[in-house]
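Remarks on the structure that follows.
The values are calculated or read from the model by the stated rules, or taken from the named source; none is laboratory data. Quantities reported herein were computed from a predicted structural model and do not represent experimental measurements. In this analysis, Cβ positions are derived from the backbone assuming ideal geometry, glycine residues included, and neighbour counts consider all displayed protein chains. Note: accessible area is taken over every heavy atom of the protein model, side chains too, but ligands, DNA and RNA are not part of it. Shrake-Rupley method; radii C 1.70, N 1.55, O 1.52, S 1.80 Å.
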Amino acid sequence: MKAHFHKVPVAPQSSFSVRHDQKPNFGTVWHYHPELELHYVIKGEGVRLMGDNISNFSAGEIVLLGANLPHTWRCNEEYFQGNPEKEVEAIVIQFLPECLGRYLFGLPEAYLIPKLFEKAKSGLLITGKAKAKLAPLMRQAVHATDLDRIIIFLSILKILSETAETKTIASEHHAFKQSNESDVQRINKVCNYTLSNYKKEITLDEIASISNLSVTSFCRYFKLITKKTYYDFLIEIRISQACRQLIEDKLPTEVICFECGFNNVSNFYRHFKKITKMTPLEYKKKYLHSHRELAMAA
């Protein structure tokens, strides 16, 4: 099956795709495509899975994905309840490396762009002034036509290739080739089931049956594909959800612990510090400090 090898539609008169999405959620399919993707979240929040990385996402995030890097933006559960007031919005630019011709990005003057494409193979989170410059350009790209469309696209690539304000997302290259489509389909089932059921106990028997594998085969397969055990993955999902709830600051830490699937507080604190290198209180204080600095800079 090729269901999760995503073919990006590009109009015959266009060199690359630009779209402005406004819909209930970003879907649940963990997928990949040969096109690079610049993704600007205007509205929405949840968990982002990219390569071997699991992180929270929220409004304002701009990410550049390299070719064939598997990914999905999995919104929080409230975006799947049919509430018209809870919708996502994003601007997405998708393009092949040779979209403007085979030779343009090989010119001596454009030497930074192939380097950018190489770095993007692990995914790049765009930050700081670069993000502030990109957001209005991406909005302009939605309605631009003819040469203006090309000029804006090149301006975007110029900012991306020259900035140092990026953070690598995946720890190593996790690009899929088309021969791995069945792996993407199977991992997609595992991710979706885990994201929907992380609050309860998930046994290896249970998750292995989702994958149509024995427990031994599933453990070996999951470690081969993701470079981590399934329980490591499950704990990362739970800690990611805990981080989001800590930032929302609506519940005590002890309640968040059980809301996110941990069965005792000491176990939660131990895993939280191992993954984030901070205690829950330190994490919350750091976020609130960063939030105040952004508000002052705005």
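What to note about this one:
- Per-residue HN-Hα couplings for the stretch 33-40 [Karplus 6.51, -1.76, 1.60; θ = phi - 60°; Hz; x = Gly/Pro]: 7, x, 6, 6, 9, 9, 10, 10
- The residues packed around GLU162, meaning those with a beta-carbon under 13 Å from its beta-carbon, carry a net charge of +3 if Lys and Arg are +1 and Asp and Glu are -1.
- Largest to smallest accessible area among HIS71, HIS20, HIS271 [probe 1.4 Å]: HIS20, HIS271, HIS71
- Between the stretch 212-255 and the stretch 145-163, the Cα center-to-center distance that results, in Å: 38 Å
- Axis of helix 265-276 versus longest Cα principal axis of the chain: the two differ by about 20°, to the nearest ten degrees.
- For the chain, the longest principal axis of the Cα atoms and the long axis of helix 181-197 meet at an angle of about 50 degrees.
- Simple spin-label estimate for SER155 and ARG102 in nanometres, 7 Å along Cα-Cβ: 3.1 nm
- Once the chain from GLU259 to GLU109 is taken as fully extended at 0.36 nm per residue, the excess over their C-alpha distance is 48.7 nm.
- On the beta carbon distance between ASP232 and ASP205, with R0 = 22 Å, the FRET formula returns roughly 0.75.
- The HN-Hα couplings worked out from phi for the stretch 111-126 by the Karplus form 6.51 cos²θ - 1.76 cosθ + 1.60 (θ = phi - 60°) are 5, 6, 5, x, 5, 4, 4, 5, 4, 5, 4, 9, x, 10, 8, 8 Hz, whole numbers, x standing for Gly and Pro.
- About its Cα centre, the chain has a charge dipole of approximately 540 debye under the convention of +1 per Lys or Arg Cβ and -1 per Asp or Glu Cβ, with nothing else charged.
- GNM remark for the chain: springs join alpha carbons under 10 Å apart, and the peak mean-square fluctuation among GLU35, GLU89, GLU282 falls on GLU282.
- Of THR276, THR203, THR226, the one that fluctuates the most in a GNM where the chain has Cα springs shorter than 10 Å: THR203
- For the chain, a Gaussian network of Cα nodes joined below 10 Å ranks ASN68, ASN56, ASN267 by mean-square fluctuation, and the top entry is ASN267.
- Relative protection proxy for 243-249, 27-33, from highest mean packing down: 27-33, 243-249 (other beta-carbon atoms within 10 angstrom).
- Taken one residue at a time, the phi angles of the stretch 252-264 give Karplus couplings (6.51, -1.76, 1.60, θ = phi - 60°) of x, 4, 5, 6, 4, 3, 6, 4, 9, x, 8, 9, 7 Hz. Gly and Pro are set to x.
- Relative to the dominant Cα principal axis of the chain, helix 280-297 is inclined by about 30°.
- For the stretch 80-171, chymotrypsin sites (Phe, Trp or Tyr not before Pro) are listed when DSSP marks them as loop and at most 15 other Cβ atoms sit within 10 Å of their Cβ; the list is TYR103, TYR111.
- Dividing the summed -39500 (n - 2.57) terms of all DSSP H runs of n ≥ 4 by the residue count of the chain sets its mean residue ellipticity at 222 nm at -14000 deg cm²/dmol.
- Note on LYS223 and ASP21: the extension gain reaches 69.3 nm, defined as 0.36 nm multiplied by sequence separation minus the Cα-Cα distance.
- List GLU201, GLU61, GLU78, GLU254, ordered by accessible area with a 1.4 Å probe, largest first: GLU201, GLU254, GLU78, GLU61
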